[in-house]
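Report on the following structure.
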Amino acid sequence: MARDYVRRSPPKKKGGNKKRSAGRGRAPERRVPWLAILFALLLFGGLGYLIHLIKGSAGDPPSAEPARVQQQAPAKKVNPIDQKPVEKWRYIEQLENKEVVVSVPTPANERKKPEAAPAKIYYMQCGSFRSASQAEQLKARIAFQGLSSEVKRSEGSNGIWYRVVMGPYNSKRKADQAKHKMSSINTGCILLQG
């Protein structure tokens with residue numbers, strides 16, 4: 001049996017078109033949103049009632065107290081600007097006869113100066129070498145760091161030594177700062193007090 005592949009639509013059924021066209025002609029029924037309308041009315045009613053309460057309470061003075069005030073008030077009004085102000089504070093009367101005692105410190109030039117302890121002097125030894133050329137090389141590395149040093153020759157029981165010494169420093173803090181700089185070039189120094 002031969003089939004027609006060109007026509008792709010399904011074959012039409014009898015009586016099927018009538019039912020579809022009847023359903024399309026009518027518009028769907030619209031429902032009224034009664035719940036939303038009721039909620040909006042309640043909201044507006046409550047807001048109106050709240051405004052009415054606020055307006056009413058702002059203009060009404062207390063009823064019992066004004067009647068008494070009006071009965072007791074004199075017929076002549078007094079201007080508050082014309083009245084002399086009444087002082088509330090009494091500190092002027094209290095401080096009138098007070099005496100303040102102030103202790104004056106002695107001037108700096110008259111004070112007794114404590115005896116100064118002898119200042120400690122710090123040195124740092126950064127190396128000790130048998131040859132003078134090695135000591136001079138270390139001295140040059142220290143100079144590149146912006147610090148000053150000197151090579152001291154010393155003779156001992158085990159021969160001649162060349163020591164690289166930095167200083168003198170007046171405080172240990174300055175000596176520690178120089179020691180920290182030396183550690184950045186991998187040179188260990190020993191802090192000496194002298």
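The values are calculated or read from the model by the stated rules, or taken from the named source; none is laboratory data. The structure displayed is predicted, hence computed values, not measured ones. Positions of Cβ are generated from backbone atoms using ideal geometry, with glycine treated the same way; all protein chains shown enter the neighbour counts.
At a glance:
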| read-out | value |
| --- | --- |
| Filtered residues of region 152-194 (kept if loosely packed, with under 11 Cβ neighbours inside 10 Å and closer than 19 Å to Lys120 by Cβ) | Arg173, Gln193, Gly194 |
| Candidate set: region 112-162, residues that are of a type in the set (Phe, Trp, Tyr) and farther than 23 Å from Gln177 by Cβ; chosen: the one farthest from the chain's Cα centre (by Cα) | Trp161 |
| Of all residues in region 106-135 being at pLDDT 85 or above and more than 28 Å from Lys172 (Cβ to Cβ), the one that is surrounded by the fewest Cβ atoms within 10 Å (Cβ to Cβ) | Ser133 |
| Tally of residues being touching a helix residue (DSSP H, G or I) at 6+ places or on another chain (Cβ under 7 Å) and in a strand (DSSP E or B) across region 127-166 | 7 |
| One residue from Pro85, Pro66 being surrounded by 10 or more Cβ atoms within 10 Å (Cβ to Cβ), of a type outside the set (D, E, K, R) and at pLDDT below 80 | Pro66 |
| Close pairs from region 160-189: first closer than 21 Å to Ala140 by Cβ and touching a residue at least 60 places away in the same chain (Cβ under 8 Å), partner polar (S, T, N, Q) and part of a strand (DSSP E or B), Cβ under 8 Å, at least 6 apart | Cys189/Gln125 |
| Output for region 32-63, where each listed residue is hydroxyl-bearing (Ser, Thr, Tyr) and at pLDDT 95 or above | none |
